[in-house]
């Protein structure tokens, strides 16, 4: 399931890789523009599949340095996503205040995954080593491309060079092992691929 990492102390879109704090929440969605005249807002879901967002009604969001709780009264499917009516923001003027907010839930609220599955946020910050034990850097984020997801790897102090790499997230072929406890992602990827 594709979920972005959200540290309680950070409001950045992508996590700080030097931040060693354990994540407290996962970003499940982002609020887009208002829709219609009754205060509905577009919801950009980061869950996979996108309709998994419908399982959640209570979210937290950060606005002007404060955490607010938002309750979805109702969702409606729309072409390309969903719209939602948020309790207390039932006019376009009030709903407009929510545009751009990221909707988070505590990690404890996420469903348990099968043994071999991971959430995207769990991969962010892992060191990436290839089959020759060369450090290629650290996972910054994942990109959803349609064909397969892609890891964005940024260099770190231990990496063999200062190149950013894009590595396809294909289990068995490219991804050979994920060690969450050891904070390590092993890949079958030569250091000079795609030079």
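Conditions (1) in contact with a strand residue (DSSP E or B) (Cβ under 6 Å, 6 or more places away or on another chain); (2) surrounded by 11 or more Cβ atoms within 10 Å (Cβ to Cβ), marked per residue:
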{"site": "61", "(1), (2)": "yes, yes"}
{"site": "66", "(1), (2)": "no, no"}
{"site": "76", "(1), (2)": "yes, yes"}
{"site": "90", "(1), (2)": "no, yes"}
{"site": "98", "(1), (2)": "yes, yes"}
{"site": "103", "(1), (2)": "yes, yes"}
{"site": "113", "(1), (2)": "no, yes"}
{"site": "123", "(1), (2)": "yes, yes"}
{"site": "140", "(1), (2)": "yes, yes"}
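To keep it simple, each residue is scored yes or no on (1) assigned to a loop (DSSP other than H, G, I, E, B); (2) modelled with pLDDT of 95 or more.
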residue: 128; (1), (2): no, yes
residue: 137; (1), (2): no, yes
residue: 143; (1), (2): no, no
residue: 152; (1), (2): no, yes
residue: 191; (1), (2): yes, no
residue: 195; (1), (2): yes, no
Just wondering, is there one or more residues in the stretch 32-39 that are in contact (Cβ under 8 Å) with a residue 60 or more places away in the chain and under 25 Å from residue 144 (Cβ atoms)?
-> yes
With respect to residue 81, is the statement that it is within 12 Å of residue 31 (Cα to Cα) and modelled with pLDDT under 95 true?
-> yes
Selected residue (only one of 118, 83, 105 is in a strand (DSSP E or B) and either over 21 Å from residue 38 (Cα atoms) or touching a helix residue (DSSP H, G or I) at 6+ places or on another chain (Cβ under 9 Å) (or both)) = 105
If you check residue 83 against the conditions, is it assigned by TED's automatic domain parsing to the domain that holds residue 24 and under 22 Å from the mean Cα position of the chain (by Cα)?
-> yes
Using the structure shown, decide if residue 70 is at pLDDT 95 or above, buried (at least 19 other Cβ atoms within 10 Å of the Cβ) and under 14 Å from the mean Cα position of the chain (by Cα).
-> no
Taking residue 94, is it farther than 19 Å from residue 53 by Cα and either more than 18 Å from the chain's Cα centre (by Cα) or without any contact (Cβ under 8 Å) to a residue 40 or more places away in the chain (or both)?
-> yes
Counting only strands (runs of 3 or more DSSP E) entirely within the stretch 1-64, those with at least 1 residues that are modelled with pLDDT of 90 or more are 25-35, 40-45, 58-63
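The values are calculated or read from the model by the stated rules, or taken from the named source; none is laboratory data. Keep in mind it's a predicted model, so treat the numbers as computed, not measured. Every residue, glycine among them, receives a Cβ derived from its backbone with ideal geometry; neighbour counts consider all protein chains shown.
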